[in-house]
């Protein structure tokens, strides 16, 4: 079987979006704009959400638990068959980085809107990804090259790597299942926690250790793998604003990255993509040592990222459109036609604030019914919302309500617009982190741009 | 007697204790999961778990009884 679908017509006839909430809505919007029939799948919990209504067709695939709906490959493929869908877009999370699902889609004769399954599998295992990158000359942090099987092995490895170490699920993602350890006692506890989380969330107990760089900035590079093998780098995003190792706000360009570092990181990201024969949209994540400006490879996400809108806002490129074009066997429309120079112009500054259904002080989940929803609007504002007034936000999925994205001609203007936008975004019926975003935007640390991955812990000690 | 109740809508991920077990102050009784976050529910004092009202996989509402400790 070929590794990718054979080239088809220039535009897909239809696409089934195997996801939910804001990303399903966003993919459906671009597909419909391109004249592609958009099919949604949804669980019983999501029947009232905008993405279901806005699709051309919607198929109920199961009860709320993800394992019985959005992770149910059989149900999704049955829905594709019943609606005559010609392609599947997996969004982010759920099955988007599941190589077996990608292979199943392709074997069913459908186009997979994503990279080759081999690239997904190589990068999905963080241990093999690190080893592959190191062999390709991409800088990686000191760490384990084989899975760590027990706490004793962990302690032995850490003695060699040096503390502090980050303990991670090798099959993990989304910041889940990671914790730092500063000494052997902390390491043993972190190892046991990571192991059980790895089993629980990813079905794979394999653990790796990496030297933990602090203070650090989390900076990632958006890549686009073109038909024919070339890989473009579309700029970087600073994602250092995190709570529980999950991103809360992102921006581009990164205020902590100068032109020389940018060039080196983009070059490394392109090399990473070429090494795995990447096709379509992907992101290479790095950790930048805030003191030395050295950078190391963290992981590669073989899918669209949550925070992709900020890159779209500064480049003018619709990344979902490029994904759908590539999946149809066509070329991209980056710039004024197939990109000749490999350099994509960017203008201005963009910030994304993730609006979560959680309290703004301790970030504890706040499911509930949305009684009111008023979005900000104005110059440079883009809101990617998964919900609207009247919707129920349940405990079964992540707490993302909407992405508030703001563009300005420079960072100061983007910050000004963002402050106004946060102040006029009204959501009632449950708690949201909007008050936290107001504090973030008012903080000296974020306003100056000199923040690192511990910024949230300083704003909320 | 202390009634341990749910503070929010959540899924019961892990039941760590059992009826009849003696627990110390701060012992984990169950671990809930809500919006991809694990929320441990702890005993707020020493005692015996005389009733365990939830099972793994249950969906519980705010205010639902989880356990009674005496």
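The modelled label-to-label distance between residue A:204 and residue A:435, using points 7 Å beyond Cα along the C-beta direction, is 4.1 nm. Rounded to the nearest 500, the helix-only mean residue ellipticity at 222 nm of chain A stands at -9500 deg cm²/dmol, with each DSSP H run of n ≥ 4 adding -39,500 (n - 2.57).
Taking every alpha-carbon pair under 8 Å whose residues sit at least 6 apart, chain A reaches a relative contact order of 15 percent. For the stretch A:142-211, averaging the sequence separation of C-alpha pairs within contact (under 8 Å, six or more residues apart) and dividing by the residue count gives a relative contact order of 44 percent. Considering only alpha-carbon pairs that sit under 8 angstrom and 6 or more positions apart, the relative contact order computed for chain B is 44 percent. The calculated pair-distance distribution of the protein assembly as shown uses every alpha carbon pair, bins of 20 angstrom beginning at 0, and gives 21, 57, 20, 1 percent.
Projecting the alpha carbon convex hull of chain B along each direction and taking the average yields 3.8 nm². The mean number of partner chain beta-carbon atoms within 10 angstrom of a residue's beta-carbon across peptide A:356-368 is 3. With a 10 Å cut-off around each Cβ of B:8-15, the average count of Cβ atoms from other chains is 3.
With the convex hull drawn over the C-alpha atoms of the stretch A:163-290, the volume per residue is 115 Å³. Among the residues of B:35-47, the average count of other protein chain beta-carbon atoms within 10 Å of the residue beta-carbon is 4.
Look at A:27, A:59, A:306 and count the other Cβ atoms within 10 Å of each Cβ; fewest to most, that gives A:59, A:306, A:27. Altogether, the Stokes-Einstein calculation at 10 °C and 1.306 mPa s, with the Kirkwood radius of the stretch A:14-113 over Cα pairs as Rh, returns a diffusion coefficient of 123 µm²/s.
Each value in this text was obtained by applying a stated rule to the coordinates, not by laboratory testing. Quantities reported herein were computed from a predicted structural model and do not represent experimental measurements. When we count neighbours, we look across all protein chains shown, and the Cβ atoms used for this are built from the backbone with ideal geometry, even at glycine.
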